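The values are calculated or read from the model by the stated rules, or taken from the named source; none is laboratory data. Nothing here was measured: the structure is a model prediction, and the numbers come from that model. Cβ coordinates were reconstructed from backbone atoms using ideal geometry, including for glycine residues, and neighbour counts include every protein chain displayed. Just the protein is used for accessible areas: all its heavy atoms, side chains included, with ligands, DNA and RNA removed. Shrake-Rupley method; radii C 1.70, N 1.55, O 1.52, S 1.80 Å.
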Amino acid sequence: MNDILEHYTAVTHQIDQAAERAGRAADEITLVAVTKTWPVETLLAAYEVGMRHFGENRAEEMAAKRTAVDDILGPDNGIIWHQIGTLQSRKTNLVADHADMFHALDRLKIAQRLSNRLMQTAHAPLPIFLEVNVSGEASKSGWDMREWEQNETQRDNLRTAAQTILDMPGLSFAGLMTMAPWGVAEAEIRNVFRRTRELGQWLETAVSQPLDYSMGMTDDFEIAIEEGATYIRVGRAIFGSRR
Ligand SMILES: *Cc1c(COP(=O)(O)O)cnc(C)c1O
């Protein structure tokens with residue numbers, strides 16, 4: 001608990017500093033505390049010190065933790081639950097029923113299933129981030145936007161995806177999410193975040209809507225903030241190495 005408070009205070013300070021370097025207001029940035037692999041007690045300790053946004057990678061884990069936390073704290077606890085990992089078709093109902101935001105849409109088929117479920121259950125529209133891949137890492141999922149500056153087809157694909165989300169009654173369109181490649185130089189990470197932000201600025205004009213940017217994790221959230229992130233997803237810097 002003391003460790004969590006100490007780490008949370010340090011991360012909050014780093015957020016403030018990075019925002020200041022970029023000439024941004026720190027309150028434009030939402031810290032999503034990534035609790036994957038940690039038990040409900042850890043989440044409650046984080047809640048106790050003031051965290052309200054929690055991120056989970058696996059839909060089952062989020063559903064189970066949300067149910068347990070709501071039982072303990074009551075349903076009006078003010079927590080916003082973020083599904084941050086990509087989703088398989090057969091898990092869509094878990095996310096539709098338990099998540100407040102979804103950061104990693106990689107296929108429109110998943111969006112259709114989410115929207116259908118949300119319509120049936122009369123939930124509020126679920127905000128969706130499209131995951132984009134500007135770095136060319138073979139392992140990364142999401143829309144291939146490696147050459148978006150030169151490649152009109154890539155831009156068209158993304159605009160069509162965004163418009164499709166906007167037209168689905170069960171969903172709303174939040175913005176773009178990306179993951180920086182592993183083990184590369186800072187300049188390359190920065191470039192990935194910058195190009196994602198620039199792509200988003202193009203898309204904002206194309207769909208006439210301001211967007212959010214979900215980018216930055218423990219190792220790179222300060223760079224992401226300098227490059228325009230509005231949601232950062234941080235696990236290890238708050239909770240330590242995962243079990
Ligand atoms: C685990 C995870 C994070 C957090 O990673 P840390 O390195 O612990 O900060 C962020 N985003 C996604 C999609 C994750 O799966």
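For the stretch 145-156, state whether one or more residues are crowded, with 18+ Cβ neighbours inside 10 Å and within 19 Å of the chain's Cα centre (by Cα). Taking every residue of the stretch 145-156 in turn, at least one turns out to be crowded, with 18+ Cβ neighbours inside 10 Å and within 19 Å of the chain's Cα centre (by Cα). Report yes if Ile232 is part of a helix (DSSP H, G or I) and either within 16 Å of the ligand (Cβ to nearest atom) or among the aliphatic types (A, V, I, L, M) (or both), otherwise no. No; evaluated as a whole, the condition is false for this residue. In the stretch 25-41, the qualifying residues are those that are open to solvent by 20 Å² or more (accessible area, probe 1.4 Å) and outside any loop (DSSP other than H, G, I, E, B), and the one that is nearest to the ligand (Cβ to nearest atom) is Leu31.
Looking at Ala174, Ala206, Ala185, can you tell me which residue is in contact with a Lys or Arg (Cβ under 6 Å, 6 or more places away or on another chain) and open to solvent by less than 70 Å² (accessible area, probe 1.4 Å)?
Numbers: Ala174 fails: in contact with a Lys or Arg (Cβ under 6 Å, 6 or more places away or on another chain); Ala185 fails: in contact with a Lys or Arg (Cβ under 6 Å, 6 or more places away or on another chain).
The unique qualifying residue is Ala206.
Restricted to the stretch 160-216, and to residues there that are in a loop (DSSP other than H, G, I, E, B) and within 14 Å of the ligand (Cβ to nearest atom), the residue that is farthest from Glu131 (Cα to Cα) is Gly183.
Somewhere in the stretch 56-75, is a residue more than 12 Å from the ligand (Cβ to nearest atom), more than 23 Å from Asp219 (Cα to Cα), open to solvent by 10 Å² or more (accessible area, probe 1.4 Å) and not in a helix (DSSP H, G or I)? Yes, there is a match, as at least one residue in the stretch 56-75 is more than 12 Å from the ligand (Cβ to nearest atom), more than 23 Å from Asp219 (Cα to Cα), open to solvent by 10 Å² or more (accessible area, probe 1.4 Å) and not in a helix (DSSP H, G or I). Would you be able to say whether some residue in the stretch 182-203 is at pLDDT 95 or above, closer than 25 Å to Asn116 by Cβ and not hydrophobic (A, V, I, L, M, F, W, C)? No, the stretch 182-203 contains no residue that is at pLDDT 95 or above, closer than 25 Å to Asn116 by Cβ and not hydrophobic (A, V, I, L, M, F, W, C). Of the numbered criteria (1) open to solvent by less than 40 Å² (accessible area, probe 1.4 Å); (2) aliphatic (A, V, I, L, M); (3) not in a helix (DSSP H, G or I), the one Ala124 fails is (1). Selection of the stretch 81-103 for residues being surrounded by 14 or more Cβ atoms within 10 Å (Cβ to Cβ), within 19 Å of Thr121 (Cα to Cα) and without any contact (Cβ under 8 Å) to a residue 60 or more places away in the chain yields Trp81, Gln83, Lys91, Thr92, Asn93, Leu94, Val95, Asp97, His98, Ala99, Asp100, Phe102.
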